[in-house]
Amino acid sequence: MPPTITLTSDFGTADSYVAEMKGVLLRDGPADLRVLDLTHELPPFDVQAAALFLRSAVPRFPAGTIHLVVVDPGVGSDRAPLVVKLGEQLLVGPDNRQFGYLFDGQEEVYIIAADALGKHELSRTFHGRDLFAPVAARLAGGASPQTLATRVDSYQHLVFPMVEFVGDTLVGKVIHIDRFGNLITNIGQAALLDFLGPFPHDHAQVALGERTVRGIVGHYAQGKPGELLALVGSSGLLELALREGHAADKFVVQVGKHVRVQHGV
C-alpha cells in the first residue's frame, strides 16, 4: 500500500494555502505518495472542533497513515511543533491541544527539532507549508520520528467535557453542531447506559431548554418529518436531531447549550 498523508485544516479552499501544502508534499514526498483531504472547513482557530473531528476520523484509518493537521491560531509563537505516534499512525501539527481527544496515555510525542530540515526558509505565519508539510513528507518517505524530533513527556492535553449528575438528572451540553443541524452532546453511550440502568430507553426524557423529548430512538427514520428526536449517533454520543430538518436553526441552539436526561416514568 502506498504511503498516505491526510490533510485537515481550517484554511478553506478559496485561497492557495491547501494547494501550497500539497505542492510541498508531492515535491518532497515519495513518488507513490497519496494525499487525501479530510476537511478544510473547520471553524477558523477552533482547536476544540479540530480535536472532536480527529477523535471520530483518525481511528478509522489504517496503520501507517500520516495525518497532517493545521488549525494553528498560535503560529509564529513559542508553541511547539509535534510529531505524535498514536498506535501505528502518525500525527503532525502544532502542540495546541488539537490532538488532545486522541491521547490515551499510550501515545509517543516528539517535538520537531529546529534543524530537522537543515537550512530551510521558514515563514513565521505558515508553518503548515514550511515546517509541517516537509516533515510529513519525510515521514512518508520512511524517516522515523526519532530522526526528526525529540521525545518529550510534557505536551498539551485536552480532557473530553465531563457530564454532571445533579440529583436524578444527567447534565451534559452541546459540543458540536453538524451540517445537518444535529446537536451532538458530550454524553457518551457508556455514561448514558450507566445512568439509565434498568429503566427503558423509551421512557427516558431528554430536555433542551424548555423542549423535552420522550424516549431515545435507534435511528432518524423512527421519527416523523419535523419531529425532534434523541438518539446515540455514529460517534457514540447522544444527539438531538430534527427529522429532515435543522434542529440548531429551528430551536436557536449554539454550542454550550445544556442538555438534561432523566429516567422518566
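Every number in this text was worked out from the coordinates using simple rules, so none of it is lab data. In this text the structure is predicted, and so the values were computed from the model without any measurement. Using ideal geometry, Cβ is built from the backbone for each residue, glycine included, and neighbour counts are taken over all protein chains shown.
Could you compute the net charge surrounding Val109? Neighbours are other residues with a C-beta less than 13 Å from the C-beta of Val109; K and R count +1, D and E count -1.
On the way: positive: Lys85, Arg97, Arg151; negative: Asp95, Asp104, Glu107, Glu108, Asp153.
Surrounding charge for Val109 is -2.
Rounded to the nearest Hz, the phi-derived 3J(HN,Hα) couplings of region 10-24 under the Karplus curve 6.51 cos²θ - 1.76 cosθ + 1.60 (θ = phi - 60°) are 10, 7, x, 10, 6, 9, 8, 4, 5, 4, 5, 5, 4, x, 5, where x marks glycine and proline. In terms of the mean number of neighbouring beta-carbon atoms within 10 Å, the peptides 126-132, 258-264 order highest first as 126-132, 258-264. The label-point distance for Glu210 and Val252, in a model that sets each label 7 Å from Cα toward Cβ, rounds to 1.1 nm. Label region 14-98 by shape, choosing from rounded, prolate and oblate, from the square roots a ≥ b ≥ c of the eigenvalues of the Cα gyration tensor; if a/c is under 1.5 it is rounded, and otherwise prolate applies when a/b is larger than b/c, oblate when it is not. Since a/c stays below 1.5, the shape of region 14-98 is classed as rounded. When a/c is below 1.5 the answer is rounded, else prolate if a/b is larger than b/c, else oblate, so apply that to the chain with a ≥ b ≥ c taken from the square roots of the Cα gyration tensor eigenvalues. Prolate. Per-residue 3J(HN,Hα) values for region 86-97, derived from phi via the Karplus relation 6.51 cos²θ - 1.76 cosθ + 1.60 with θ = phi - 60°, read 10, x, 10, 10, 10, 10, 10, x, x, 8, 9, 5 Hz in sequence order (x marks Gly and Pro).
Within a Cβ distance under 13 Å of Lys85, other residues only, what is the Lys/Arg minus Asp/Glu net charge? Summing Lys/Arg as +1 and Asp/Glu as -1 gives -3.
Counting only aspartates and glutamates at least 8 places from Lys173 when in the same chain, those with an alpha carbon closer than 16 Å to its own are Glu164, Glu210, Glu239.
To the nearest 20 Debye, how big is the dipole of the chain about its Cα centre, given +1 on the beta carbon of each Lys and Arg and -1 on that of each Asp and Glu? Don't skip to the end; give the middle numbers.
On the way: 22 positive and 29 negative charges, 54 e Å.
I would put it at about 260 debye.
For the pair Asp37 and Glu88 in one chain, pulling the backbone fully straight at 0.36 nm per residue adds 16.4 nm over the alpha carbon distance. For the pair Glu107 and Ala14, a Förster radius of 45 Å applied to the C-beta separation gives a FRET efficiency near 0.85, rounded to the nearest 0.05.
Taking the Cβ of Phe45 as the centre, find all other residues whose Cβ is under 10 Å away and add up their charges (Lys, Arg: +1; Asp, Glu: -1).
Counting the neighbours of Phe45, the net charge comes to -3.
Determine the distance separating the Cα centre of region 38-113 from the Cα centre of region 141-198; give it in Å without decimals. A separation of 14 Å, based on Cα centres.
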